[in-house]
Amino acid sequence: MIKKVGVVGAGTMGAGIAQVTAEAGYEVILIDLEDKFVNRGMENILKNWSKAIKKGTLTAKEVDQIKVRLTGTTNYDNLNDCQLVIEAVVEKMSIKKELFAKLDDICPAETLFASNTSALSITELAAATKRPNQVIGVHFFNPVPVMKLVELIPGAETTAETVTAMKEYCSAIGKEAIVVKESPGFIVNRLLIPYINEAAIIYDQGVASPAEIDQAMKLGANMPMGPLALADLIGIDVCLMIMEYFFDEMADSKYRPALAFKQKVRAGHLGRKTGKGFFDYN
Ligand code: 3HC
């Protein structure tokens, strides 16, 4: 029975996961390498709760009760009594594997490990632990408090019990879970990131400006936001990394990353998080 959940990585996704998990009644440990990262994640969550109070979706009393369940820390030993640990750290296989090996030493044998990876192989991540049967992909979408879907991705050795426990967790936090066979990008990113990449290629070719490309998709295809604003929301570095992974993994030229992604990442224009991407947020 899951009661206490550890979330490793206090960035946009990790903070969102910690927020919705605490709101659902779980005890939550939000962890990152440095205090400044933990504090930023906690501040973002507190901002969302202040907005919720203003909108009337939560009362101040409810927020006080939820807050008590959420602890931010840099001490990994605090994860030693969690029944579930979800990692939402940087999208690098070597870093995630190292983390899982470390968690394997800290957490009890029954703890489930989940990865919020947007594309990487769960089987490979699970192989870094001595409990590959208890490792699963749990892919959330940005902004986590708003987006209803979670993709659940069993690895080669993930048991049906692990999948069932994660389905229960997803349902408890108010998300719709879809179980997806392991493959690069699962369902959503396999479709969404090449679409965003094609928008960046259209921009590279001078077909239209970023504003026009986005307006076209909003008015012509009823997208809630245009593909290039979405690239800025996701992070252009993340979009590039996913396209590069598709290109390598599927050895198919149709997944070649747009030059605009590479140029913007080289310039440090990663999207909203740096204040500039395809659009300017300053
Ligand atoms: N955190 C919490 N709540 C947020 C939020 C955030 N970061 N951003 C928006 N919201 C809430 C608002 O408070 C508002 O709530 P309300 O209806 O209760 O007032 C609601 O969402 C709508 O927000 P806005 O009115 O400000 O703006 P929009 O109606 O334009 O919606 C949006 C914003 C929800 C971001 C919408 O544009 C959208 O759905 N965009 C597409 C998002 C998307 O495709 N996400 C998936 C990305 S892929 C991914 O994450 C996978 C990864 O692996 C790459």
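Values computed for the structure shown
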| quantity | calculated |
| --- | --- |
| Flag if Tyr195 is within 16 Å of the ligand (Cβ to nearest atom), over 19 Å from Ile136 (Cα atoms) and touching a Pro at 6+ places or on another chain (Cβ under 8 Å) | yes |
| Test: Lys167 is among the charged types (D, E, K, R), within 30 Å of Ala109 (Cα to Cα), away from the ligand (no atom under 13 Å from the Cβ) and surrounded by fewer than 13 Cβ atoms within 10 Å (Cβ to Cβ) | no |
| Tally of residues being touching a strand residue (DSSP E or B) at 6+ places or on another chain (Cβ under 8 Å), more than 6 Å from the ligand (Cβ to nearest atom) and among the hydrophobic types (A, V, I, L, M, F, W, C) across the range 131-146 | 4 |
| Total residues in the range 229-265, condition of a type outside the set (Val, Ile, Thr) and more than 12 Å from the ligand (Cβ to nearest atom) | 20 |
| Lys102 closer than 24 Å to Thr162 by Cβ, surrounded by fewer than 17 Cβ atoms within 10 Å (Cβ to Cβ) and either out of contact with any Gly (no Cβ under 9 Å at 6 or more places or on another chain) or without any contact (Cβ under 8 Å) to a residue 60 or more places away in the chain (or both) | yes |
| Hey, Phe186 of a type in the set (Phe, Trp, Tyr), in contact (Cβ under 8 Å) with a residue 12 or more places away in the chain and within 11 Å of the ligand (Cβ to nearest atom) or not | yes |
| Any strands (runs of 3 or more DSSP E) falling wholly within the range 1-107 and containing at least 1 residues that are within 16 Å of the ligand (Cβ to nearest atom) and more than 25 Å from Ile122 (Cα to Cα) | 70-73 |
| Of all residues making up the range 115-130, the number that are hydrophobic (A, V, I, L, M, F, W, C), within 16 Å of the ligand (Cβ to nearest atom) and not in a loop (DSSP other than H, G, I, E, B) | 2 |
| Given (1) within 13 Å of the ligand (Cβ to nearest atom); (2) surrounded by fewer than 17 Cβ atoms within 10 Å (Cβ to Cβ), index of the condition Lys181 fails | (1) |
| Some residue of the range 1-22 being surrounded by fewer than 19 Cβ atoms within 10 Å (Cβ to Cβ), under 18 Å from Ala172 (Cβ atoms), touching a residue at least 40 places away in the same chain (Cβ under 8 Å) and in contact with a Leu (Cβ under 7 Å, 6 or more places away or on another chain) | yes |
| Cβ-Cβ under 8 Å pairs, at least 6 apart or on other chains, the range 107-118 side touching a residue at least 12 places away in the same chain (Cβ under 8 Å) and over 11 Å from Lys96 (Cα atoms), far side of a type in the set (Asp, Glu) and part of a loop (DSSP other than H, G, I, E, B) | Ser118/Glu91 |
| So Val146, is it β-branched (Val, Ile, Thr), outside any helix (DSSP H, G or I) and free of Cβ contacts under 8 Å to residues at least 40 places away in the same chain | yes |
| Hits in the range 238-281 - residues which are assigned to a helix (DSSP H, G or I), basic (Lys, Arg) and in contact (Cβ under 8 Å) with a residue 12 or more places away in the chain | Lys254, Lys262, Lys264, Arg272, Lys273 |
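Per-residue answers, yes or no, for (1) in contact (Cβ under 8 Å) with a residue 24 or more places away in the chain; (2) among the hydrophobic types (A, V, I, L, M, F, W, C); (3) over 29 Å from Asp252 (Cβ atoms):
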| residue | (1), (2), (3) |
| --- | --- |
| Ile173 | yes, yes, yes |
| Ile178 | yes, yes, no |
| Glu182 | yes, no, no |
| Leu191 | no, yes, no |
| Asp204 | yes, no, no |
| Val207 | no, yes, no |
| Pro210 | yes, no, no |
| Ile213 | no, yes, no |
| Gly220 | no, no, no |
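None of the figures in this text is laboratory data; all of them are computed from the coordinates on show. Bear in mind that the values here come from a model prediction, so they are computed numbers and not experimental data. Note that we place each Cβ from the backbone using ideal geometry, even for glycine, and neighbour counts take in every protein chain shown.
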